[in-house]
Amino acid sequence: MFANFGIDLFVTAATFGNLIGYNYFLRIAPGSNLITAMVAAFQSGRDIWREKYIKDLASYLLTLPVPRRTFAVSRITGGVARSLIATFPGTLVISYLYGILLSPRLIEAFLVVGLFSLGIVGLSMAVSAFASSIEVFATLRSAIQLYLSFLSTIFYDVTLFPELVQPIVHTNPMTWAIQAFRAIGNQGSTLYPISILVGPSLAFALLGAICYLWYARL
């Protein structure tokens, strides 16, 4: 995943940066890292979908020494941890580019990645609970990734989108995660974009937990 991040950032973004201006390279950098977080987060949903092929799942779950809701929450927590680990080197690279590698603001960068991953893990769990086949899961995953990536401000400012599309861009969690990252880079306050990001992230995480509890009949 870090190799893919490096290609996106130092090949694609650097190329466009040289064509348009170096600032574009810094502008697209957080998006490349968040795309990596998104890919890692959807692995959690894939793992849950594969549980459908475990024989006698109910008996397996009865052996767990934790409450069922705690187990569901642990799946979300584990997914967030996976995303943070997958994006750890990328977050450090971006922090270096933004000049905050040795600053306390590095914690804010990881907080943004964690909050964003929280919502995507929840979405992936919800999708996996209702997907009837791996093809359906992959199709829904691609649709969500398409929305998060190209209907956000990764590549363009919101004002460059048609007016009809702008409300969709404004409600995209990726947009607010990127805004928070850019605020860190500009030494600005991240309180507003992070506060906006908290809502959908917690809502998606709750949706994922509910869908997983329903699917597993816990």
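Applying the criterion of being outside any helix (DSSP H, G or I) and of a type in the set (V, I, T) to the residues of the stretch 158-175, the residue that is farthest from P200 (Cα to Cα) is V165. Has the stretch 127-145 got any residue that is closer than 22 Å to S32 by Cβ, aromatic (F, W, Y) and surrounded by 15 or more Cβ atoms within 10 Å (Cβ to Cβ)? Among the residues of the stretch 127-145, not one is closer than 22 Å to S32 by Cβ, aromatic (F, W, Y) and surrounded by 15 or more Cβ atoms within 10 Å (Cβ to Cβ), which makes the answer no. Filtering the stretch 183-208 to residues that are crowded, with 19+ Cβ neighbours inside 10 Å and within 19 Å of the chain's Cα centre (by Cα) leaves A183, I184, T190, P193, I194, L197, P200, S201, F204, A205, G208. Restricting attention to the stretch 183-208, which residues are in a helix (DSSP H, G or I) and of a type in the set (G, A, S)? Result: A183, G185, S195, G199, S201, A203, A205, G208. All of R105, R182, R141 fail the test of being basic (K, R) and within 30 Å of I210 (Cβ to Cβ), apart from R141. So, in the stretch 128-157, of the ones that are modelled with pLDDT of 90 or more and among the β-branched types (V, I, T), which residue ends up farthest from L9 (Cα to Cα)? The qualifying residue farthest from L9 (Cα to Cα) is T139.
Checking each residue in the stretch 103-152 for being part of a loop (DSSP other than H, G, I, E, B) and either farther than 18 Å from L191 by Cα or without any contact (Cβ under 8 Å) to a residue 40 or more places away in the chain (or both) picks out S103, P104, A131, S132, S133, L151, S152. Could you check T63 against (1) modelled with pLDDT of 75 or more; (2) over 21 Å from the mean Cα position of the chain (by Cα) and say which number it fails? Failing condition for T63: (1). Within the option set L115, L160, being among the hydrophobic types (A, V, I, L, M, F, W, C) and within 20 Å of the chain's Cα centre (by Cα) holds for one residue only, L115.
Condition test on F155, is it under 17 Å from the mean Cα position of the chain (by Cα) and part of a loop (DSSP other than H, G, I, E, B)? Judged against the criteria, F155 is a match.
The values are calculated or read from the model by the stated rules, or taken from the named source; none is laboratory data. Nothing here was measured: the structure is a model prediction, and the numbers come from that model. Backbone-built Cβ (ideal geometry, glycine too); neighbour counts: all protein chains shown.
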